[in-house]
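A short write-up of the structure that comes next.
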Amino acid sequence: MKIKIISVFFFMIAFGASFAQDTIQTQLDVITSEIQSLKKEDKTHFMLRGFAQFGLDATHDNINFNMTSFNPVLLWRQGDRFLFESELEMEFINNELDIHLGFANASYVVSKGLIVRVGKFLIPFGTFGEKFHPSWVNKFSTTPLGVGHDGIAPSADIGIEIRGGLQLGKSKLNYSIYGVNGPGIKDGTDEPEEAGMLSFENSTDNNNNKAVGSRIGFLPFANSSLEIGASGYYAMPGSEESPFEGDTLNEDLNYKEVSALLTAFDLSYVKIISPLKSIIDIKGQYSLSTVSKATYFNPEDTMRYSFTNNSSAYYAQLAFRPALADNAFLKNIELVGRYSAYTTPEGSLWESKQSQIAVGLNYWFTWRTVLKASYQITTIEKEGAPGEHSGHGGTTGNVFSLYFAVGL
């Protein structure tokens, strides 16, 4: 009888230990599975990128070393769908450090061909401002006339964007649709000589209207060597209230009905020329700004005036690089040429007409590190107002530049 009791006792101990071991193992399996699941869902990555450029500019009467830009870009990703990016624009101007927020936005990848983005982002109006403005991507140390922060088109704004791409047989299509705060219109109360200009550097909207725009890019060839794009942008830049409130002579001037329509067409073509062991890279863009007619007040002569508020800008660029050559030095050399032109409204106080020819020789140390030497001739046929669109009537400016640019 005692033997039976002892046998049952040891059996229960062995069974309990086995049961406990199985339970612990099961719990460990569950925890391991959850950890693996969390790791799969929480693919968090952080990266610091960006670009910088510095060098010198030489004219017939002056030589200046310039630290033109340092733009760190912060990139962060959580999982496979959430993305965040931001850029700080840092420039050293007039012995002072000037810092701006280039962009800061979050994206959610809905599907392979659909992304939703919110925040401050680069506006896909044409391609230069969104894709080619980084100093190591731009073939020159300067931007084409009429492009950039002092141009006739938006560079960045706050809002929401839907973008993506589609496969059309062997061809491809990319698209972007967005709504942003939009520009304001300069009414001349602060800077009379700039009345009628669009101001895109706004952090807040001045009315209840939002600017809407889109770009469609078509890549007809399977190797994506050619892209043709078309952009459109519409805004109501005027404030609801008259800027001359309380001025009995001018309080009837109100710009709330003023509208702005911007259009652009862009082209990019990259082709390998096998017999020359070289690559040619062609870029171009044409931009047009049409602002509805309005009446402005000039305090200098106490007169009202109006003008057809149309501006245009375009550039064409060609780069030739023997990248497939056998010679190690020659394959890193690149010849570039660019022509650009910029015209602002006739009859405005900021009327100007400019053209620019630039030629350059680049040496690529790596795929994102380049030394750029260029000679630039700018001809200003008509004088603009002081400020960002200024010029000196009938003058020509010749500048030699030598810059080092790196993509971080």
**Request:** Give F121, F84, F65 a once-over and let me know the one that is free of Cβ contacts under 8 Å to residues at least 12 places away in the same chain and on the phi < 0 side of the Ramachandran plot.
**Result:** F65
**Request:** Please find, within region 254-268, the residue that is surrounded by the most Cβ atoms within 10 Å (Cβ to Cβ) out of those that are in a loop (DSSP other than H, G, I, E, B) and in contact (Cβ under 8 Å) with a residue 60 or more places away in the chain.
**Result:** Y255
**Prompt:** Which one of these is under 26 Å from Q285 (Cα atoms) and surrounded by fewer than 17 Cβ atoms within 10 Å (Cβ to Cβ): L97, L101?
**Reply:** L101
**Message:** Please verify whether A230 is under 15 Å from P154 (Cβ atoms) and of a type in the set (G, A, S), treating the condition exactly as stated.
**Reply:** no
**Message:** Please determine whether any residue of region 282-292 is touching a Lys or Arg at 6+ places or on another chain (Cβ under 9 Å) and modelled with pLDDT of 95 or more.
**Reply:** yes
**Fill in**
Reported set for region 212-241 where residues are over 24 Å from S289 (Cβ atoms) and part of a loop (DSSP other than H, G, I, E, B) is P220, F221, A222, N223, S224, S225, E241
**Matching residues, region 38-69, being modelled with pLDDT of 85 or more, hydrophobic (A, V, I, L, M, F, W, C) and under 30 Å from G397 (Cβ atoms)** = F51, A52, F54, L56, A58, I63, F65
**Asked** For region 281-349, which strands (runs of 3 or more DSSP E) that fit wholly inside it have 2 or more residues that are of a type in the set (S, T, Y) and closer than 28 Å to K372 by Cα?
**Response** 309-321, 333-343
**Message:** I'd like to check something: does region 281-301 contain any residue that is surrounded by fewer than 16 Cβ atoms within 10 Å (Cβ to Cβ) and farther than 28 Å from G238 by Cα?
**Reply:** yes
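Per-residue answers, yes or no, for (1) under 18 Å from S348 (Cβ atoms); (2) in contact with a helix residue (DSSP H, G or I) (Cβ under 8 Å, 6 or more places away or on another chain); (3) surrounded by 20 or more Cβ atoms within 10 Å (Cβ to Cβ):
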| position | (1), (2), (3) |
| --- | --- |
| P183 | yes, no, yes |
| P192 | yes, no, no |
| A195 | yes, no, yes |
| S199 | yes, no, no |
| K210 | no, no, no |
| V270 | no, no, no |
| P275 | no, no, no |
**Request:** Go through S214, S224, S231, S242 for me and flag whichever is within 26 Å of S352 (Cα to Cα) and either of a type outside the set (A, V, I, L, M) or modelled with pLDDT of 90 or more (or both).
**Result:** S231
**Prompt:** Taking interchain pairs and intrachain pairs at least six residues apart, which have beta carbon atoms under 7 angstrom, with the first residue in region 344-368 and under 18 Å from E334 (Cβ atoms) and the second modelled with pLDDT of 95 or more and among the acidic types (D, E)?
**Reply:** N362/E334; W364/E334
**Request:** Take the residues in region 104-139 that are of a type in the set (F, W, Y) and within 29 Å of L335 (Cα to Cα), then tell me which one is surrounded by the fewest Cβ atoms within 10 Å (Cβ to Cβ).
**Result:** F132
**Prompt:** If only one of L97, L75 is in a strand (DSSP E or B), of a type outside the set (D, E) and within 28 Å of A373 (Cα to Cα), which one is it?
**Reply:** L97
**Request:** Could you look through region 278-307, keep only residues that are among the β-branched types (V, I, T) and either free of Cβ contacts under 8 Å to residues at least 60 places away in the same chain or touching an Asp or Glu at 6+ places or on another chain (Cβ under 8 Å) (or both), and pick out the one that is nearest to E257 (Cα to Cα)?
**Result:** T295
**Request:** Read through the list (1) of a type outside the set (S, T, N, Q); (2) in contact (Cβ under 8 Å) with a residue 24 or more places away in the chain; (3) buried (at least 20 other Cβ atoms within 10 Å of the Cβ), then give the number of the only condition that I162 fails.
**Result:** (3)
**Asked** Quick one: would you say K131 is among the basic types (K, R) and out of contact with any strand residue (DSSP E or B) (no Cβ under 6 Å at 6 or more places or on another chain)?
**Response** yes
**Message:** What are the pairs with Cβ atoms under 8 angstrom where one residue, in region 217-239, is buried (at least 17 other Cβ atoms within 10 Å of the Cβ) and the other, located anywhere, is at pLDDT 95 or above and among the basic types (K, R)? Sequence gap at least six, or different chains.
**Reply:** L219/K172; G229/R215; S231/R215
**Asked** Which numbered condition trips up D326, out of (1) modelled with pLDDT of 95 or more; (2) surrounded by fewer than 16 Cβ atoms within 10 Å (Cβ to Cβ)?
**Response** (1)
**Request:** Pick out the one residue from E201, E194 that is more than 21 Å from G284 (Cα to Cα), of a type outside the set (S, T, Y) and modelled with pLDDT of 90 or more.
**Result:** E194
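The values are calculated or read from the model by the stated rules, or taken from the named source; none is laboratory data. Computed from a predicted model, the values in this text were never measured in an experiment. All Cβ positions, even for glycine, are placed from backbone atoms using ideal geometry, and neighbour counts span all protein chains on display.
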